[in-house]
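Notes for the one structure printed next.
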Amino acid sequence: TDFLAGGAELADVLWRDTLSDACLIAAGAPSQTAPDLFASEAMRKLIAALSKEFDLVVIDSAPVLAVSDTRNLARLADKIVFVVRWQMTRRLAVQPALRQMIDAGGNVAGVLLSMVDLRRYAKFGDRGFYHRQIRLYLSR
């Protein structure tokens, strides 16, 4: 938000990790106009500039149903990986959230199930190939 609002230069907000080649830009100061900033021409230019400098630009955003920021950002991303937390995110919330991403112009590449408890998942019984693969993973 600091860069998009014009209060900082890109070099001021781009943080380079000393242990890897990764760089990141933190969210910045809280802003009442964040949804407008994320839908702005400045945001489009920022993503275009970052895309020229980096192989991959990842935008980590808020939950879709919580704020409009994510829907604004969906239009700007080449692909969207929709993350759902296992045993926490309700199925009834996932469907409308995915619909909102698509309706906003997002290109959903897939859904990622996060924080899966593999030991607990394995208790669902022998379900063929995937169950055997999980058992191999858990035995290491």
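The values are calculated or read from the model by the stated rules, or taken from the named source; none is laboratory data. What you see is a predicted model; the values in this text were computed from it and never measured. Cβ sites come from the backbone with ideal geometry, for glycine too, and all protein chains shown count toward neighbours. To get the accessible areas, we keep the full protein, side chains included, count just its heavy atoms, and leave off ligands, DNA and RNA. Shrake-Rupley method; radii C 1.70, N 1.55, O 1.52, S 1.80 Å.
Things worth noting here:
- Members of the stretch 37-55 found to be over 18 Å from the mean Cα position of the chain (by Cα) and in contact (Cβ under 8 Å) with a residue 12 or more places away in the chain, listed by number: S40, A42, A49
- V64 at pLDDT 85 or above, open to solvent by less than 60 Å² (accessible area, probe 1.4 Å) and of a type in the set (V, I, T): yes
- Scanning the stretch 7-29 for residues that are open to solvent by 90 Å² or more (accessible area, probe 1.4 Å) and not acidic (D, E) yields W15, R16, T18, L19.
- Here L4 fulfils each of the conditions (1) assigned to a loop (DSSP other than H, G, I, E, B); (2) loosely packed, with under 11 Cβ neighbours inside 10 Å; (3) over 17 Å from the mean Cα position of the chain (by Cα) apart from (2).
- Restricting attention to the stretch 67-89, the residues that are surrounded by 14 or more Cβ atoms within 10 Å (Cβ to Cβ) and either over 28 Å from L14 (Cβ atoms) or at pLDDT 95 or above (or both) add up to 2.
- Residue count for the stretch 102-116, restricted to those that are assigned to a helix (DSSP H, G or I) and more than 16 Å from the chain's Cα centre (by Cα): 1
- Residue list for the stretch 7-24, filter: free of Cβ contacts under 8 Å to residues at least 24 places away in the same chain and outside any loop (DSSP other than H, G, I, E, B): A11, D12, V13, L14, W15, R16, L24
- Residue within the stretch 30-48 that is of a type in the set (V, I, T), open to solvent by 60 Å² or more (accessible area, probe 1.4 Å) and touching a helix residue (DSSP H, G or I) at 6+ places or on another chain (Cβ under 9 Å) present: no
- R99 being open to solvent by 100 Å² or more (accessible area, probe 1.4 Å), assigned to a helix (DSSP H, G or I) and at pLDDT below 95: yes
- Looking across the stretch 32-57, the residues that are of a type in the set (A, V, I, L, M, F, W, C) and either assigned to a helix (DSSP H, G or I) or touching a Leu at 6+ places or on another chain (Cβ under 9 Å) (or both) come down to A34, L37, F38, A39, A42, M43, L46, I47, A48, A49, L50, V57.
- Against the criterion of being part of a helix (DSSP H, G or I), modelled with pLDDT under 85 and open to solvent by 50 Å² or more (accessible area, probe 1.4 Å), Q133 qualifies.
- Where L92 falls short, out of the listed (1) open to solvent by less than 90 Å² (accessible area, probe 1.4 Å); (2) assigned to a helix (DSSP H, G or I); (3) aliphatic (A, V, I, L, M); (4) under 28 Å from L113 (Cα atoms): (1)
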